[in-house]
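Some notes on the structure that comes next.
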Amino acid sequence: MMYELAKALTGKNTVTNLDDAWNRYKQCELVSSLALDEDPDLQTTTTIKTTTTMTTASGDTTSVSHEFIVRGKVYVRNDGAVVYVGRNRFELKAGSVYWAGRKIGWYDRKGCGEINDKPIRIYRPKQSNVFVLAEIRQKTAA
């Protein structure tokens, strides 16, 4: 979070509100601690959940839950990458996500992005030699 705040203060990144900055920080923290099952073919779905509770000076509390659901393995190609999710084939090229030739999403150099307005993360889990695509689900409860 300090890093995000520093980027905002130096003008290298705009933060619309503190909740967005905190959520992005928690997502990055969660990704850094993920580990996949030992099965390299990802036959089963891996789901990682975390909950953070924040309290303001006035005593109000909010809980934010993040759930990473690994959807598929990323196969790197010369001109991009391909991800298979079930029977669907997604192409990753130059920051865009394509399905059946149509652009349906985006991703940045850090692997954060969206597919059909759903947040995703492309990363390589610790102790794994493959990249994966995970869907991020977030729930906020007051």
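The values are calculated or read from the model by the stated rules, or taken from the named source; none is laboratory data. From a predicted model like this one, the values you see are computed outputs, not experimental measurements. Here the Cβ positions follow ideal geometry from the backbone for every residue, glycine too, while neighbour counts run over all protein chains shown.
Look at segment 86-103 and say how many of its residues are in a strand (DSSP E or B) and surrounded by fewer than 15 Cβ atoms within 10 Å (Cβ to Cβ). Walk me through how you get there before you give the answer.
Taking segment 86-103 and keeping what is in a strand (DSSP E or B), we get 88-93, 96-99, 102-103.
Those left that are additionally surrounded by fewer than 15 Cβ atoms within 10 Å (Cβ to Cβ): 88-89, 93, 96, 102-103.
Number satisfying all stated conditions: 6.
Taking the stated definitions as given, is ARG109 in a loop (DSSP other than H, G, I, E, B) and either surrounded by 11 or more Cβ atoms within 10 Å (Cβ to Cβ) or at pLDDT below 90 (or both)?
yes
List pairs: first in segment 88-116 and under 20 Å from VAL70 (Cβ atoms) and of a type in the set (Val, Ile, Thr), second in a loop (DSSP other than H, G, I, E, B) and at pLDDT below 95, Cβ under 6 Å, 6+ apart or cross-chain?
These pairs meet every condition: ILE104/ASN116.
Looking at this structure, is VAL83 at pLDDT 75 or above, under 23 Å from TRP106 (Cβ atoms) and aliphatic (A, V, I, L, M)?
yes
Given the conditions (1) touching a residue at least 12 places away in the same chain (Cβ under 8 Å); (2) surrounded by 12 or more Cβ atoms within 10 Å (Cβ to Cβ), and given that GLN127 satisfies all but one, which numbered condition is not satisfied?
Result: GLN127 passes all but (2).
Here is a check on your reading of the model: is VAL82 surrounded by fewer than 14 Cβ atoms within 10 Å (Cβ to Cβ), β-branched (Val, Ile, Thr) and not in a loop (DSSP other than H, G, I, E, B)?
No.
Scan segment 47-106 residue by residue and report those that are within 15 Å of the chain's Cα centre (by Cα) and of a type in the set (Asp, Glu).
GLU67
Only one residue in VAL76, VAL70 is aliphatic (A, V, I, L, M), surrounded by fewer than 16 Cβ atoms within 10 Å (Cβ to Cβ) and not in a loop (DSSP other than H, G, I, E, B), so which one is that?
VAL76
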